[in-house]
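Below: the structure, in structure tokens.
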Amino acid sequence: MDDQCPVCKSDRYLNPKLRLLVSACYHKMCESCIDRLFTLGPAPCPICNKTLRKLAFTPQTFEDLGVEKEVAVRRRLAKDFNKRREDFPDLRSYNNYLEDAEDIAFNLINDIDIPETEARIAQYKIENANLIELNLRREEQYAQYLKEQEESDRFDREQRASELLKAEEDEREEREKGRRELIDKLETSDKDASKLVARSRAQAQKRASNRTSSTMNPAFQSSAKLLRSRAAQSTVIPDVPHVPLQDDWYAYEDKFTLRDNYDDPISEAVRKDREGIMRAGGYRVEEAWQRALTFAVAGLDLCPLGSAQPSADPDVVMVTA
């Protein structure tokens, strides 16, 4: 109700059907004033005297015109300033590019140095015309890919829905058929009725399980087919066999002496396990102690990092066992 045309001063209280449009200079006017002022051709804006055309007026999306202007400016710049991280040799260059684009957007939003800013934009478009066009095509291809993916997902959903509907209809027919068969057997057979009912229920359950597996198999096949197609499209990476570290584990046994009375609070519960519950899986605290000591002495004979031989510098002190 607070909206008011700045030209004719009409508001929604006087005119409930009032519709305000936004100009290229981001001033609001009602449709009647726009038709009266701009039908015959371009005319100056009654508020800022900027030359406007009737087709330049658009419906207002946001309540705040400042937000409306910022969104329009950033949408305009996004078409030209569309470089990506891979278009730059390093991260610093990419960050400088983003900062320059943000400075240009700030100037356009706040009407600061408009001629100079427009000149910067024009110069940038001339220098990067090929790259801008390439990135635009990339965006179009990506949008087309998303559209095709959405269509494929929609088709898969519809197909699954139809399959589920058909499965439900088949299940309903099977139940009705089994019910009729059970009634006929109860009428004509002299066997125990409870056994006939139990056998009928078992057969119905078996048919239901077979039907469930048959309806699930196509989904698995389609998923497997999709995975195979994606794997075929991706770059083939050779599966190099893993070569473990060539080290003699038992070469360090003469560098330490294993005791049986270490102060190890973590293994205290295992040592106090009288019933052998924790040791039932083959766990022994002695093996854990031996492994820890072996790791501790394994690197004593290695040279310092960066040199193939022990350092001869008297200032370098080596810790020996």
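Some points to look at:
- For the stretch 72-118, the tally of residues that are under 22 Å from Tyr26 (Cβ atoms), loosely packed, with under 13 Cβ neighbours inside 10 Å and of a type in the set (A, V, I, L, M) stands at 3.
- Test result for Leu91, among the hydrophobic types (A, V, I, L, M, F, W, C) and free of Cβ contacts under 8 Å to residues at least 24 places away in the same chain: yes
- Qualifying residue in the stretch 131-139 (condition: part of a loop (DSSP other than H, G, I, E, B) and surrounded by 13 or more Cβ atoms within 10 Å (Cβ to Cβ)): no
- Per-region count, the stretch 3-38, residues of a type in the set (A, V, I, L, M, F, W, C) and over 48 Å from the mean Cα position of the chain (by Cα): 4
- Condition met for Asn107 (at pLDDT 85 or above, outside the structural domain of Glu31 (by TED's automatic domain parsing), under 30 Å from the mean Cα position of the chain (by Cα) and not small (Gly, Ala, Ser)): no
Per-residue answers, yes or no, for (1) farther than 30 Å from Lys83 by Cα; (2) of a type outside the set (Asp, Glu):
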residue: Gln144; (1), (2): no, yes
residue: Glu169; (1), (2): yes, no
residue: Arg175; (1), (2): yes, yes
residue: Arg180; (1), (2): yes, yes
residue: Asp192; (1), (2): yes, no
residue: Gln205; (1), (2): yes, yes
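- The criterion of being surrounded by 13 or more Cβ atoms within 10 Å (Cβ to Cβ) and either modelled with pLDDT of 85 or more or not in a helix (DSSP H, G or I) (or both) holds for Gln159.
- Long-range neighbours under 7 Å by Cβ, at least six apart or interchain, first residue free of Cβ contacts under 8 Å to residues at least 60 places away in the same chain within the stretch 56-74, second small (Gly, Ala, Ser) and in a helix (DSSP H, G or I): Val73/Ala105; Arg74/Ala105
- When every residue of the stretch 108-121 is checked against the conditions, none turns out to be within 15 Å of Ala78 (Cβ to Cβ), assigned to a helix (DSSP H, G or I) and not aliphatic (A, V, I, L, M).
- Residue in the stretch 27-39 that is farthest from Thr61 (Cα to Cα), counting only those that are surrounded by fewer than 15 Cβ atoms within 10 Å (Cβ to Cβ), of a type outside the set (Val, Ile, Thr) and in contact (Cβ under 8 Å) with a residue 12 or more places away in the chain: Asp35
- A Cβ distance below 7 Å, combined with a sequence gap of six or more or placement on separate chains, defines the contacts here; from the stretch 187-201, residues that are assigned by TED's automatic domain parsing to the domain that holds Arg175 and surrounded by 11 or more Cβ atoms within 10 Å (Cβ to Cβ) reach residues that are of a type in the set (D, E, K, R) and modelled with pLDDT under 75 in the pairs Leu196/Lys185.
- Unique residue being modelled with pLDDT of 75 or more and under 52 Å from the mean Cα position of the chain (by Cα) when the list is Arg199, Arg271, Arg230, Arg207: Arg199
The values are calculated or read from the model by the stated rules, or taken from the named source; none is laboratory data. What you see is a predicted model, and the numbers here were worked out from it, not measured in a lab. Cβ coordinates were reconstructed from backbone atoms using ideal geometry, including for glycine residues, and neighbour counts include every protein chain displayed.
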